[in-house]
Amino acid sequence: LATVCLGAVGCDAQGEPIGPRGGTLVSDDGRFSLDIPAGALDTTVELSIEQVECDLGDAIGSCYAVLPRGTTFLFPVEVAYELGDMDVTEEVALVTEAADGWRILPDRDVDLDDAVVYGSALYLSEYGLAELSN
């Protein structure tokens, strides 16, 4: 499992090496994960997840930064956020920080029975959970 640094200031988290064979990266609290399929990376990269302060005003729960930020994938990876006992409706989505603000991850799937929200990502950034506005 990946090491999570709370506070992240001056933190040298040990990364989890994931390469062309793929793998799964999970936050220390077990709520946030990336499932990286075989072939999504062409080289081995030390990946880590840090729980961070959210810049997202209407965030639900914690936000997570997956490092090294900006790492791109050859095809989408599955991002999952376990809701635990959070009281949410199906109108939630995983969002990621982009250059022009927060964007909803594609392939949104809300499984309230298993209490997990899914999305797809093509690059590493900061991720959070937000309620969709009407």
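The values are calculated or read from the model by the stated rules, or taken from the named source; none is laboratory data. What you are looking at is a predicted structure, and each value in this text was computed from that prediction instead of being measured. Neighbour counts are summed over all protein chains in view; Cβ atoms, including those assigned to glycine, are modelled from backbone coordinates with ideal geometry. Ligands, DNA and RNA are stripped out before the accessible areas are found, and what is left, the full protein with its side chains, is counted by its heavy atoms. Shrake-Rupley method; radii C 1.70, N 1.55, O 1.52, S 1.80 Å.
In the frame of its principal axes, region 10-65 has Cα extents of 36, 25, 18 Å, reported largest first. Above 25 Å, the calculated P(r) of the chain contains 20 percent of its Cα-Cα pairs. In the chain, the sites counted are GluC sites (Glu not before Pro) in DSSP loop states with at most 14 other Cβ atoms within 10 Å, and the longest stretch holding none of them, exclusive of the sites, is 1-52. Accessible area per residue for region 28-134, computed on protein heavy atoms with a 1.4 Å probe, is 50 Å². Taking N as the residue count of region 37-92, its C-alpha radius of gyration divided by 2.2 N^0.38 Å amounts to 1.39.
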